[in-house]
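For reference, the structure discussed in these notes is given below.
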Amino acid sequence: MTAPTPTLEKYVAPPLSGGFSIEADQLTRRFGEVTALDRVSVRIHEGEFFSLLGPSGCGKTTLLRMIGGLEMPDSGRLILLGRDAADWPAHQRPVNTVFQSYALFPHLNVVDNVAFGLRMKRLPESEIHRRVQGVMEMTRIRELERRFPAELSGGQKQRVALARAVVNEPKVLLLDEPLGALDLKLRKQLQIELHQLQRRLGITFIYVTHDQDEALVMSDRIAVMNEGRIVQLDTPAQLYERPRTRFVAEFLGACNLIEGEIVEAASGQIKVRSAAGMFMVAMGSIAPDIRSKVTLVIRPERIVLSALTQSGQPNRVSAEINDVIYSGAETRYSLCGGAVPFHCCLINSSAVRDGFAVGESVSAYFPPESLILLND
Amino acid sequence: MAVNRPSLRLSLWSALAYLFLYAPIAVVVIYSFNAARFGAAWNGFTTHWYAAIWDNPQALSAARNTLLLAGCSTLISTLLGTALAYGWTRFHFPGRRWISGLLHIPIFIPDIVLAVALLLLYSLVSPWLRFFELGLPTMVLAHVTFQIPFVAIVVRARLAGLDPALEEAARDLGASGRQKFRHVTLPLMMPGILAAAMLAFTLSLDDFVVSFFTSGPGSTTLPILIYSSVKRGITPDINALSTLIILASILGTVSVMLLQRKNR
């Protein structure tokens with residue numbers, strides 16, 4: 001792994017002290033022919049907001065269910081809070097889950113749903129009442145007390161499910177796409193609330209999602225999963241700025257991919273030849289073997305457009321604008337330079353629209369520090 | 001969806017079909033209020049025959065037997081059928097699909113075949129076990145036999161429709177296996193269990209064939225009593241008794257429907 005580039009450091013969460021909530025070692029789980037989890041090893045810190053991000057079927061939910069005790073590994077070892085979880089039944093683990101379908105008990109009203117876990121532990125009713133009221137206050141569902149799940153909206157069900165889990169004061173809270181069924185606006189609002197709740201409770205949150213924005217907004221660290229494996233584990237900023245594979249680059253945010261070949265490597269810089277022109281790239285994690293095929297990645301908002309002046313310089317591509325899409329906060333351009341199509345996006349920082357028009361020829365600058373070199 | 005009104009012809013056909021279904025029942029109900037002692041002539045309205053039932057010790061004892069039989073058999077078959085449904089949905093074991101298939105066969109076996117089979121079995125066993133001498137106990141056993149498949153199928157449908165995440169949530173929230181069953185699974189199954197019990201009760205209430213074959217002295221039920229009375233000619237008090245049985249069946253059916261609507 002490379003050292004983070006200096007510009008990223010301010011985004012990196014402060015180092016977490018203390019032990020690990022989860023230490024997974026080579027966890028494997030097969031369902032018939034399908035390998036849901038393939039030798040997954042990961043360590044999750046105490047008090048961390050940790051996301052498992054990936055497309056459906058990547059194994060993220062299987063890993064989550066294993067931590068909750070609802071699924072057992074075929075092989076590998078799971079240490080939960082310093083204890084081997086192999087013989088630790090689900091109902092005794094200090095772990096609670098917010099289920100994707102919420103799984104609220106339809107025959108119980110909101111208070112009884114929230115109190116369920118404490119009742120199972122046979123706590124005195126006075127303490128149950130105090131804790132349930134406290135949590136319902138915090139999640140703002142007090143006025144829903146007497147309602148039944150069938151009478152709640154999606155957002156309300158989500159809050160009740162959260163309250164029902166949190167009231168047990170778990171050491172680890174598992175969240176299985178808890179915002180998946182909600183509309184965008186509510187989702188954005190609840191993302192922030194969840195993030196604040198995690199900071200307030202200080203417990204480990206493990207969050208499963210296929211929504212990259214959600215993971216980027218809330219997480220301390222994200223494990224990107226694909227086909228039963230963790231393909232990259234990093235902070236949100238590192239994942240976005242320094243993806244290590246094409247899959248990660250494409251899964252997190254929009255990106256342009258330019259195929260090329262290394263022609264020169266000297267003094268911390270690599271020179272890449274592509275159909276769009278020559279590019280200078282900072283020497284990164286991959287071996288700079290001359291003539292090896294590589295892929296250059298750049299985020300659309302990092303490309304700088306200017307009126308066509310000089311050409312033929314490295315990192316500068318003459319291009320024609322094929323399409324312009326105005327979307328309020330930003331304007332997206334589709335361009336083509338040297339038969340290579342790419343996208344670029346400019347923030348509309350003033351009301352005056354001084355962008356470019358379709359058919360216009362421009363010069364696109366790809367800053368070396370924003371170019372990521374991948375060898376797949 | 002557009003609301004389509006049926007054509008006049010279709011309405012007429014439907015009305016005919018319903019007439020076909022309900023005319024016999026209507027005749028029985030109407031004639032139970034006929035003042036005439038014999039025959040089809042209408043002799044004026046009376047509720048005398050309903051009152052007469054109360055003075056008929058045979059009818060009262062038959063009613064008592066019928067309710068006792070239906071009550072006991074429903075209780076036993078509901079317990080067994082529910083356990084069967086739970087085991088079938090929650091556990092995986094060899095021959096699981098065979099058991100499901102075997103569950104359906106008794107429903108299709110003609111009553112008369114089942115009745116003869118039970119009679120044969122009981123008379124084979126009774127020399128050794130006095131319990132199997134024909135009477136109310138053998139009738140309860142016989143009714144349980146044909147009720148179990150119905151109960152199991154109704155309860156199983158309910159169980160299959162439950163979100164498995166609910167039971168996982170119970171475990172996740174710290175419920176042991178027993179607590180999970182008591183506080184989550186059983187309450188969620190309950191509408192299905194009640195519907196199944198109602199169905200079983202109704203089936204027992206108006207069963208004639210199986211009861212007739214497995215009954216003994218002193219265990220006459222209402223359907224058997226009516227059958228033997230009819231041989232001496234149809235009298236209005238039989239019509240009154242039949243009307244009461246129809247009423248009980250309707251009540252049972254309606255409550256099954258209401259319970260099933262309640263749990264969607």
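Any read-out appearing in this document is the output of simple, stated calculations on the displayed coordinates, not a laboratory observation. Since this is a predicted model, take the numbers as computed values, not measurements. Cβ placement follows ideal geometry from the backbone for every residue including glycine, while neighbour counts extend to all protein chains displayed.
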HN-Hα couplings for region A:229-235 via Karplus (6.51, -1.76, 1.60; θ = phi - 60°), in whole Hz with x for Gly/Pro, come out as 10, 8, 8, 7, 10, 7, 6
In nm, spacing of pseudo-spin labels at residue B:254 and residue B:111 (7 Å Cα→C-beta vector)
2.4
Nearest 500 deg cm²/dmol is fine: what mean residue ellipticity at 222 nm does chain A get from its DSSP H runs of n ≥ 4 alone, each adding -39,500 (n - 2.57), divided by its residue count?
-6500 deg cm²/dmol
Taking N as the number of residues in region B:1-147, what value does Rg over Cα atoms divided by 2.2 N^0.38 Å take?
1.59
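Please average, across the residues of A:99-109, the number of beta carbons from any other chain that are within 10 Å of each residue's own beta carbon, and give a whole number.
Neighbouring Cβ atoms belonging to other protein chains average 5 per residue here.
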Give the whole-number value, in cubic angstrom per residue, of the convex hull volume spanned by the C-alpha atoms of the protein assembly as shown.
277
So, R0 is 35 Å and r is the distance between the beta-carbons of residue B:41 and residue B:90; what FRET efficiency does that work out to, to 0.05?
0.05
Between residue A:228 and residues 5 or more places away or on another chain, the pairs with built amide H atoms under 5 Å apart involve A:59
Taking only the alpha-carbon positions of region A:107-220 as identical scatterers, the Debye log10 I(q)/I(0) at q = 0.22, 0.23, 0.24 Å⁻¹ comes out as -1.31, -1.39, -1.46
Chain A, Gaussian network, Cα under 10 Å: of A:114, A:34, A:208, the residue fluctuating most is A:34
Tell me, Kirkwood radius of chain B from alpha-carbon pair distances, in Å?
21.4
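Longest span of chain A, sites excluded, free of trypsin sites (Lys or Arg not before Pro) in DSSP loop with at most 16 other C-beta atoms within 10 Å?
Segment A:1-120 is the longest.
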Scan around residue A:45 for amide H atoms under 5 Å from its own, H built in the peptide plane at 1.01 Å from N, and keep only partners 5 or more places away or cross-chain.
A:21
Could you tell me the calculated FRET efficiency between residue A:41 and residue A:88, based on Cβ-Cβ distance and R0 = 25 angstrom, to the nearest 0.05?
0.85
Pick from A:220, A:323, A:176: which is most flexible by mean-square fluctuation in a GNM of chain A where alpha carbon atoms under 10 Å apart are linked?
A:323
Amide H contacts under 5 Å for residue A:97, placed H, 5+ residues apart
A:174
Spin-label point model (7 Å from Cα, Cβ direction): what's the residue B:209 to residue A:304 distance in nm?
9.2
Spatial extent of chain A: Rg and Dmax, with the Cα atoms as the point set, Å
24.5, 79
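Assign one of three labels to region A:254-374, namely rounded, prolate or oblate, based on the Cα gyration tensor with a ≥ b ≥ c the square roots of its eigenvalues; rounded applies when a/c is under 1.5, prolate when it is not and a/b is larger than b/c, and oblate otherwise.
Values: a/c = 2.32, a/b = 1.95, b/c = 1.19.
In terms of gyration-tensor shape, prolate.
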Restricting to Cα pairs below 8 Å that are 6+ residues apart, what does the relative contact order work out to for chain B? Please round to a whole percent.
31
With a Förster radius of 60 Å, plug the Cβ-Cβ distance of residue B:190 and residue A:275 into 1/(1 + (r/R0)^6) and report the FRET value to the nearest 0.05.
0.30
Applying the Karplus parametrisation 6.51 cos²θ - 1.76 cosθ + 1.60 with θ = phi - 60° to the phi angles of region A:368-376, what ³J(HN,Hα) value in whole Hz is obtained for each residue in order, glycine and proline being reported as x?
x, 6, 9, 8, 10, 9, 10, 9, 10
From the phi of every residue in region A:268-280, what ³J(HN,Hα) in whole Hz does the Karplus formula 6.51 cos²θ - 1.76 cosθ + 1.60 yield, where θ is phi - 60° and glycine or proline is x?
x, 10, 10, 9, 10, 9, 9, 4, 8, x, 8, 10, 9
So what is the relative contact order for chain A, in percent, with contacts set as C-alpha pairs under 8 Å and at least six apart?
15
Do the sum for chain B: with -39,500 (n - 2.57) for every DSSP H run of n ≥ 4, divided by all residues, what is the mean residue ellipticity at 222 nm, to the nearest 500 deg cm²/dmol?
-24500 deg cm²/dmol
Label-point separation (nm) for residue B:12 and residue A:332, each offset 7 Å from Cα along Cα-to-Cβ?
6.4
Please tell me which of these pairs span more than 19 angstrom C-alpha to C-alpha: A:121/A:157; A:271/A:293; A:157/A:185; A:157/A:188?
A:121/A:157
